[in-house]
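Data block below; observations after.
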Amino acid sequence: MILEGFPVGYLEANCYIIGCEETGEGVVVDPGGDGPAILRLVRERGLKVKYIIDTHGHVDHISANGQVKEATGAPILIHELDAPMLTGASRNLSFFAPRPVRGPAADRTLRNGEVVQVGNLKLEVIHTPGHTP
């Protein structure tokens, strides 16, 4: 298993690259900025990005969704209650940011208990409301 975390964006939110060493499939979790750096790490690890997964819809976790999606073609996944935050600057709090973020909409929404398969890895969705819906 490949698991790398690093800070991205002006608020230095944690972004994670998770990958299956056996199949070369991977995911980008919370691409909150620094799209080129995220994509460089994905290339260095030899991964094909299967999904972009947002843990929630705040600007510091979604800012590079568009860049990563454009470069990889990977669909964006987020919990169903946070999905509206991806496309609205007032919802994702980017009106506080240097520039508003109105990114791509979710390609698929997630629910508690779902399993996201990435190569031979299984990632379970655990809904933890509080910080966002």
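Brief remarks follow.
- DSSP-defined antiparallel bridges as percent of all bridges, the stretch 1-81, nearest 5: 60
- The chain, accessible area per residue, ligands and nucleic acids excluded (1.4 Å, Å²): 52
- Among 44-53, 76-85, 124-133, the order from most to least packed when residues are scored by Cβ within 10 Å on average: 76-85, 44-53, 124-133
- Remark on the chain: ratio of C-alpha radius of gyration to 2.2 N^0.38 Å is 0.97.
- One way to sum up the overall shape of the stretch 18-84 is the equivalent ellipsoid from its Cα gyration tensor, whose semi-axes run 20, 13, 9 Å, largest first.
- For residue 23, the residues whose modelled amide H falls within less than 5 Å of its own, excluding neighbours fewer than 5 places apart on the same chain, are 120.
- Counting only residues at least eight positions apart within a chain, or on another chain, the lysines with an alpha carbon under 21 Å from that of residue 122 are 48, 50.
- The portion of the accessible surface of the stretch 4-116 made up by carbon and sulfur, rounded to a whole percent, is 50 (1.4 Å probe; DNA, RNA and ligands excluded).
- Distance histogram in 10 Å bins (all Cα pairs of the stretch 56-127, percent per bin): 21, 46, 28, 5
- Relative contact order, percent, the stretch 77-133 [alpha-carbon distance under 8 Å, six or more residues apart]: 33
The values are calculated or read from the model by the stated rules, or taken from the named source; none is laboratory data. None of the values given here were measured: they were computed from a predicted structure. As a convention, Cβ positions derive from the backbone with ideal geometry for all residues, glycine included, and neighbour counts pool all protein chains shown. When the accessible area is computed, the model is the full protein with side chains, heavy atoms only, and any ligands, DNA or RNA have been set aside. Shrake-Rupley method; radii C 1.70, N 1.55, O 1.52, S 1.80 Å.
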